[in-house]
Amino acid sequence: VDSNIKITNINLLFKDGGKDLSFCNYNIIPHFFLDEFKDKYFCYKDVFYLKKFFSQLSFCIITISDRVSNNYYRDYSGIILKKIILDEGGKIFVYVVVPDIIISIINVVKFISKVYCPSVIFTSGGTGLSEFDVTPDSLSCLFDKCIPGIGELLRSVGSKHNINSWLS
């Protein structure tokens, strides 16, 4: 063995597992390599996630909106959530639209939690800024803890697509 041999210019192509999930270096990885993993993983912002992760979870989607519940608007956010979850192998137990009425929101969330016991409940709509938006008040009374920073993170990510997300 030559002790002067040096290996340089090594690049990480793909990493699976560990604390930082998975990683894929799109700039240099051959396409045939990606084809090998497309059934097992999905990618979001250069991070690979196991599809089976979603398939192990159950989801419920609640769109909270007076206008959607009265058929004035179509529920785009709920439909998009549904598509993403199903495309990634998740199971949706319930998808429902409710008006922005405190007792309706509380009753639906309690019912879904008790009957379906989902892994995740997504709510969409009812930002809480107008006098008619009561979603934050309705949901806050149902939980023991609030995770500081999650709302700010979601608003920050959303602001890259819509500046009004800071108002949500």
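The values are calculated or read from the model by the stated rules, or taken from the named source; none is laboratory data. Keep in mind that this is a model prediction, so the values were computed, not measured. Positions of Cβ are backbone-derived with ideal geometry, glycine not excepted, and every protein chain shown enters the neighbour counts. Protein only, heavy atoms only, side chains kept; ligands, DNA and RNA dropped before computing areas. Shrake-Rupley method; radii C 1.70, N 1.55, O 1.52, S 1.80 Å.
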Those residues of segment 142-154 which are of a type outside the set (Asp, Glu) and open to solvent by 60 Å² or more (accessible area, probe 1.4 Å) amount to Phe143, Lys145, Cys146, Ile147, Pro148, Ile150, Leu153, Leu154
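Open to solvent by 90 Å² or more (accessible area, probe 1.4 Å), of a type in the set (A, V, I, L, M) and out of contact with any Pro (no Cβ under 6 Å at 6 or more places or on another chain): does that describe Leu129?
Yes: the conditions hold for Leu129.
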Note: among Phe111, Phe132, Phe122, just one is aromatic (Phe, Trp, Tyr) and in a loop (DSSP other than H, G, I, E, B), namely Phe132
For Asn25, are the conditions met, namely being at pLDDT 90 or above and either surrounded by 10 or more Cβ atoms within 10 Å (Cβ to Cβ) or over 23 Å from Asp133 (Cβ atoms) (or both)? no
Quiz item: at pLDDT 65 or above, aromatic (Phe, Trp, Tyr) and within 30 Å of Asp144 (Cβ to Cβ), is that true of Tyr116?
Solution: yes
By residue number, the members of segment 71-101 that are assigned to a loop (DSSP other than H, G, I, E, B) and open to solvent by less than 70 Å² (accessible area, probe 1.4 Å) are Asp75, Glu88, Gly89, Gly90, Pro99, Asp100
Any chance Leu153 is touching a residue at least 40 places away in the same chain (Cβ under 8 Å) and not hydroxyl-bearing (Ser, Thr, Tyr): no
